[in-house]
Amino acid sequence: MAKPEYYYGVHSVESLLELEPERVLTLFTLKGRDDQRLQKILQLAEPFGISVQKASRDSLEKLAGLPFHQGVVAAVRPHPTLNEKDLDQILAETPDALLLALDQVTDPHNLGACIRTAAAMGVQAVIVPRDRSASLTPTARKVAAGGAEKVKFIQVTNLARTLAHLKETTHTRVIGTMLDESAMPIQKCDFSGPVVIVMGAEDTGLRPITQAQCDHKVYIPMSGNLQSLNVSVATGMALYEACRQRSEV
């Protein structure tokens, strides 16, 4: 049996119990905590016979790997890693899918924030390269605040090759965000149909090999001398514009 993963934080554990309670092996809760939020978590766990153990603050910190566990940690059966084949299945089931690709976003906090926004905006899958990219660590899951259980997380061997495959097999349009002379204001771009929005790391942007796969290049207009935004903030703005347009169709 694979080693369990550890989810921590109220939102993350609560969402897991609501959507995938069968994966939860054990709940660890802080000794002495008995507030309303914890009671809701315990009520969600009770029908499934999930073991609940009281633990010290230090023990929870060791399980979570960080002190910001909010008094609850869940030991969970790990999900199988989703890959290119799973992405093909998603597109077969949802021909007009809205996808988000992150090119070398290495900060788990940024990844979690992007996933949280993606879930809120109805994105079907978040795609990242397997190497030189953040993975779904407990920290990323906590920042995602339940979003990681609502949107598919796909790790691919080669992001540029995956984008080319999507274009060829499903006619998905690739829209990259970047500061480029050929880029158009994001609100002038058409986001209808199957689309993957590609975001780069805020310090390096999209790699040239990724840019080469973009059908359209867009930028987020900003006032003043500000040139860039945190990738999770920019992702939220780009996804909102896409959803605004798609809801009007």
- Task: Tally the residues that are of a type in the set (Val, Ile, Thr) and closer than 16 Å to residue 234 by Cβ, restricting the search to segment 89-105.
- Result: 1
- Got at least one residue in segment 38-46 being open to solvent by 60 Å² or more (accessible area, probe 1.4 Å), in contact (Cβ under 8 Å) with a residue 60 or more places away in the chain and within 22 Å of residue 143 (Cα to Cα)? no
- Task: Working only within segment 128-146, note down all residues that are touching a residue at least 40 places away in the same chain (Cβ under 8 Å) and not β-branched (Val, Ile, Thr).
- Result: 138, 141, 142, 144, 145, 146
- Message: Residues that are surrounded by fewer than 24 Cβ atoms within 10 Å (Cβ to Cβ), at pLDDT below 95 and on the phi > 0 side of the Ramachandran plot, at least 2 per element: which strands (runs of 3 or more DSSP E) completely within segment 64-159 meet that?
- Response: none
- If you scan segment 1-37, which residues turn out to be open to solvent by less than 40 Å² (accessible area, probe 1.4 Å), aromatic (Phe, Trp, Tyr) and either at pLDDT below 85 or within 23 Å of the chain's Cα centre (by Cα) (or both)? 7, 8
- Item | Residue among 79, 11 that alone is closer than 30 Å to residue 210 by Cβ and touching a residue at least 40 places away in the same chain (Cβ under 8 Å) | 79
- Can residue 181 be described as in a loop (DSSP other than H, G, I, E, B), free of Cβ contacts under 8 Å to residues at least 12 places away in the same chain, out of contact with any Asp or Glu (no Cβ under 9 Å at 6 or more places or on another chain) and not assigned by the TED database to the domain that holds residue 16? yes
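The values are calculated or read from the model by the stated rules, or taken from the named source; none is laboratory data. Nothing here was measured: the structure is a model prediction, and the numbers come from that model. We place every Cβ from the backbone using ideal geometry, glycine too, and count neighbours over all the protein chains shown. What goes into the accessible areas is simple: the full protein's heavy atoms, side chains included, and nothing from ligands, DNA or RNA. Shrake-Rupley method; radii C 1.70, N 1.55, O 1.52, S 1.80 Å.
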